[in-house]
Amino acid sequence: MKTVFYINALFSLIFALGVIFGKNPLRSALSLLLFFLTIALDFFFAGSEYLGFVQIIVYAGGIIVMIAFVIILLGLKKESPDYDITVRSFTGIILLGFFALGVLYGLAKSVLHLIPKAPYFDTSAAGIGDALFSKYLLPFEVASILLLVGVVLAFIFAKKEV
Amino acid sequence: METILLITLFVPLLGAIINGVFGSPFKKYAHWVAVPAIGISWLGALYLLKFVMAGNTLNVNLWQWIPVKDFNVHFGLMLDPLSAVMIATVTTVSFFIHIYSIGYMHGDPGYRRYFAYLNLFVFSMLMLVLANNYVLLFVGWEAVGLCSYLLIGFWYEKKSASDAGKKAFIVNRIGDAGFILGIFTMFFAVGAVDYKTVFAAAPQLSAVIVGSITFFLFMGAIGKSAQFPLYVWLPDAMEGPTPVSALIHAATMVTAGVYMVARSSALYSAHGSIANAVASIGAFTAIFAASIALVNDDIKRVLAYSTISQLGYMFIGVGVGAYATGIFHLYTHAFFKALLFLTAGSVMHALHGELNMQKMGGLFKKMPHTGITFIIGALALSGIPPLAGFYSKDSILKEALVRGHTTIWWVGTITAFMTAFYMFRLIFMVFFGEPRDRELYEHAHESPAVMTIPLWILAIGAISAGWVGIGEDASPFFKFLAPSLHYAEHGVHFEPAAWQEWLPLIFGVAGILLAWSMYMKRIPSPVGMARAFKPIYKLLKGKYYVDEIYNIFIVKPIYYLAIILFKLVDRILIDGTVNGVAWVNRATGAVLNKIQTGAVKTYMLWIVFAATLIMWLQLLK
Amino acid sequence: MLGFNDYLLVSVILFFVGALGVLFRRNLIYILMSLELMLNSINLTLIGLAKYSNDTNPQVLILLILVVAAVEVAVGLGLAINLMRVKKTVDVDLFKSLKG
């Protein structure tokens, strides 16, 4: 199990690096799509098929298509990578290194002790729906408002005369 | 019945709100809101009067207003004979003043504002008289002060008018400060502020406590009812529109002090010395104001001083302990003083705002309605039987005498002479004789019916209002009021002699005759008299220089103190602090400004930095 | 034995890669894609959390993150189109007008 997980993780990493170091934007987008699929696989491994399918539908089916469309629309061509090689970026990498170090140090110290909360692990769409419409009704509604705002904003931004 | 009480009280407020807030579409028709509002209130008041006359009273606590531990104030209304008489008088007079205003204020740019204020004024006064506790009374008390400020300064673009408004407000404030102290003392001593509890507790209180409560309350009354030494705002209040003067003088404001003393009769009866002070101040004010009116040439100011003087009479009445006579005079005075002001307004209206009596004359022929009604009002004010003023003034003076206040009686009687003299001096100068200013005379005209009809109705009131009080304690008016008032036992009982009963009337007639001979026949000629008594004449003409004295001893020192405070405390201390805070903020902003580069990625760097920092702080804790 | 720590390790690395992308790329489209990487790494953590604490709640959180990601991409891309139209470029380092 562990081996499968890490092989999958290796693929995730490769695709992620492919995204950020890509020269052709369209190819990067395809790399991102594959990355999303590996994450969806992780969801399946964890036993949450529902979320896995949602991941594929929303990310692969929606977001990637949208990104690809925009890339084509803007006519972004293959270009030499526009890396931002500055003092700022290297400060950033050092800081991120400290950040990652902190997490690893925490893992080594086993700071996080997980305590099983519920007697069983409900991964079905019904279980998630139950939680979503009872305990998390308010966040759910807020999310719907957020979507609405996003729709309106995207519409306004994309309009010709701004 | 509570519903009718609420309608009576709140419909004028509703009218004020409609006109004041929503009224702009029907600017020119503001009176279609204001007059019916007062009309409904008037009918309600009359109905309530009938209800009380049938022997009922009402005392309702509508809701709890201020509940603070031991301190409880209800929004409570009380309807008893005293407040019933007051609301009936107030709404009746106000109603006719409202009708008159339609004609008088016609075409004024502030027409709508005017009616909104007028309605608010009546509402405030009704609130004042209907309250069942001192705090709510104080609300009405302040509200009439506010409305008087708004209306005196109604033509605010005129500097003298806005100054007069401010003066009225500030002078009233001095008295109101005393009134608040009175309420505090009351709460301190009794632990309650509603009439019932306070009056019930009054006999048990110590003399010092009752004395200070009544003293402080009377301070408020001095301010509100324009008694010496706080009367100075009332003559200046003539800057407002004339119907407003009528309203202030007759119905809605200056009578509040008299009402308050009568309402607190239980307190004033409990301790005599302050009541005596009330009577003495009243008597002094009466003769003081009347003497100024003797030589004044401004038609409205003469009336203003006469109001101050008549209020002095009312305070004599309530001060000597004959509360009903004070209220009786208040009630008759409301009619003839409203009448006098409205007729004066009619004269002004005809003469395009001219106020100087020296320029008038012979107007009787031009304005017969105004002239006759004015003479009726003046006769009533001078105390000529069978007009209203005779009965009320007579009963006050008689009560003063019966209770042994001989000096006050003499002062009042001489004032009666002066009153008759200055009123008829005014009549002879304005309505009879030769016109002094031809051009003004030629343009003079009688006022429209919307103004003269209220005059006649009020004239009927000025004639007949006194008849309900003939025979004093045995009369219907006095019997009706008796349950609301608490009389003190007075040891002295002096039986007035026959000449003493008739002397005020004789003095009044003598005043009229003297005015007739001086101003119609010129024997002795007014100019000669002025020359003969030059120092006195100058003193009276200068209104005893009270305004000047106040200016030197009160206004100027406060002004300089304010300048010192401004330069030292405000400029250096407070401004320094405020500017210092602003400076610190600006300096910090200038530093932090550098961080905000506009480059999104730099911001992200900061986020990563902060997240890392927090994480490591957590890990290494 | 696969544990929560493995999930955490992988997601930290992926998050790191995403953040690297945001920092090192100047093209707005790339930055948006890198942001998606970061959000997904968080999703990975959450699913691990759900699995190893036997809890349904993190899954709800994943759904909400999904919503946020979708909205963010929609708005971000709209912005990109607009910027391209007005400024003829999507290089974020050139947009510095929002400063104090």
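The values are calculated or read from the model by the stated rules, or taken from the named source; none is laboratory data. If you're wondering where the values come from, they're calculated on a predicted model, not measured in any experiment. FYI the Cβ positions are ideal-geometry reconstructions off the backbone, even for glycines, and counts take in every protein chain you see. Calculation scope for accessible area: heavy atoms of the full protein, side chains included, ligands and nucleic acids excluded. Shrake-Rupley method; radii C 1.70, N 1.55, O 1.52, S 1.80 Å.
How large is Rg/Rh for region B:315-421, to two decimals, with Cα atoms and a Kirkwood Rh?
Using only Cα positions, Rg/Rh for region B:315-421 is 1.07.
Relative contact order, percent, of region C:4-88 when contacts are C-alpha pairs under 8 Å separated by at least 6 residues?
Averaging sequence separation for qualifying contacts and normalising by length gives 28 percent for region C:4-88.
Residues with amide H under 5 Å of residue B:354's amide H, sequence separation 5 or more or different chain, H placed in the peptide plane at 1.01 Å from N; which?
Amide H to amide H, under 5 Å and 5 or more residues apart or across chains, residue B:354 pairs with nothing.
For helix B:2-17, what angle does its Cα long axis make with the longest principal axis of chain B, in degrees from 0 to 90 and rounded to 10?
Around 70 degrees separate the two axes.
When you look at the Cβ of every residue in C:4-10, what mean number of other chain Cβ atoms sits within 10 Å?
Average per residue, whole number: 6.
Which of the peptides B:521-530, B:317-326 is most tightly packed, and how do the rest follow, judged by the mean count of other Cβ atoms within 10 Å per residue?
B:317-326, B:521-530
Along Cα→Cβ, 7 Å out, is where each label goes; now give me the distance between the ones at residue B:621 and residue C:89 in nm to one decimal.
4.5
Taking every eigenvalue of the Cα gyration tensor of the protein assembly as shown, multiplying by 5 and rooting it, what semi-axes result, largest first, whole Å?
Output for the protein assembly as shown: semi-axes of 88, 31, 26 Å.
By the scheme Lys and Arg +1, Asp and Glu -1, what is the net charge of all other residues having a beta-carbon under 12 Å from that of residue C:65?
-2
Using DSSP to call loops (not H, G, I, E or B), can you name the trypsin sites (Lys or Arg not before Pro) in region C:35-100 whose Cβ has at most 12 other Cβ atoms within 10 angstrom?
Loop-located and lightly packed - C:88, C:96, C:99.
How large is Rg over Rh for region C:4-88, taking Rg from the Cα atoms and Rh as the Kirkwood inverse mean of 1/r across Cα pairs?
1.09
Round to the nearest 10 and give me the degree value, 0 to 90, for the angle of helix B:323-350's Cα axis relative to the longest principal axis of chain B.
The helix B:323-350 is inclined about 90 degrees to chain B.
To the nearest 500 deg cm²/dmol, what mean residue ellipticity at 222 nm is calculated for the protein assembly as shown from DSSP H runs of n ≥ 4 alone, each contributing -39,500 (n - 2.57), summed and divided by the residues?
-23500 deg cm²/dmol
Full-extension gain between residue B:521 and residue B:550, please, as 0.36 nm times their residue separation minus the C-alpha to C-alpha distance.
Extending this stretch completely gives an extra 6.5 nm.
What list of ³J(HN,Hα) values in whole Hz, one per residue of region B:427-435 in order, does the Karplus curve 6.51 cos²θ - 1.76 cosθ + 1.60 (θ = phi - 60°) give from phi, with Gly and Pro shown as x?
Computed from phi, the couplings for region B:427-435 are 4, 5, 6, 8, 9, 10, x, 7, x Hz.
Run through region B:457-519 and list the chymotrypsin sites (Phe, Trp or Tyr not before Pro) located in a DSSP loop whose Cβ has at most 16 other Cβ atoms within 10 Å.
B:487, B:494
So, counting K/R as plus one and D/E as minus one, what does the shell of residues with Cβ under 15 Å around residue B:64 add up to?
Result for the neighbourhood of residue B:64: -1.
At 1.4 Å probe radius, can you tell me the per residue accessible area of region B:556-595 in Å²?
Roughly 87 Å² per residue, with all protein chains present.
What total accessible area, in Å², is buried where chains A and C meet, using a 1.4 Å probe and rounding to the nearest 100?
Its buried surface, counting both partners, is about 6900 Å².
Can you tell me the relative contact order of chain B? Whole percent, Cα pairs under 8 Å, sequence separation 6 or more.
12
May I ask you to list the trypsin sites (Lys or Arg not before Pro) in region B:38-120 that are in a DSSP loop and have at most 12 other Cβ atoms within 10 Å of their Cβ?
For trypsin sites (Lys or Arg not before Pro) across region B:38-120 that sit outside H, G, I, E and B with at most 12 neighbouring Cβ atoms in 10 Å, the list reads B:69.
Using only the alpha-carbon atoms, what does region A:1-82 span along each of its principal axes? Please give whole angstrom values in decreasing order.
Sorted from largest, the Cα extents of region A:1-82 read 42, 24, 12 Å.
Once you put a point 7 Å from the Cα of residue B:611 and another 7 Å from the Cα of residue A:148, both along the Cβ direction, what distance in nm separates them?
3.1
Taking θ = phi - 60°, what integer Hz values does the Karplus form 6.51 cos²θ - 1.76 cosθ + 1.60 yield along region A:53-63, in sequence order, with x for Gly and Pro?
5, 4, 4, 5, 5, 6, 6, 5, x, x, 5
In angstroms, what radius of gyration and Dmax does region B:107-190 have, counting Cα atoms only?
Cα-based Rg and Dmax for region B:107-190 come out at 15.0, 54 Å.
Accessible area per residue, 1.4 Å probe, Å², for region C:4-88: what's the number?
With all protein chains present, region C:4-88 gives 27 Å² per residue.
Of all the accessible heavy-atom surface of chain B, with the other protein chains kept in place and a 1.4 Å probe, what percent is carbon and sulfur?
The nonpolar share, carbon plus sulfur, comes to 71 percent.
If one puts a single equal scatterer on every Cα of chain B and applies the Debye formula without solvent, what log₁₀ I(q)/I(0) results at q = 0.05, 0.10 Å⁻¹?
Values returned for q = 0.05, 0.10 Å⁻¹ are -0.26, -0.86.
Please list the three semi-axes, largest first and in whole Å, of the ellipsoid equivalent to region B:192-297, using sqrt of 5 times the eigenvalues of its alpha carbon gyration tensor.
Here the semi-axes work out to 30, 16, 9 Å.
Go through region B:281-290 residue by residue and turn each phi into a ³J(HN,Hα) via Karplus (6.51, -1.76, 1.60, θ = phi - 60°); whole Hz please, and just put x for glycine and proline.
4, x, 5, 4, 4, 4, 6, 4, 5, 4
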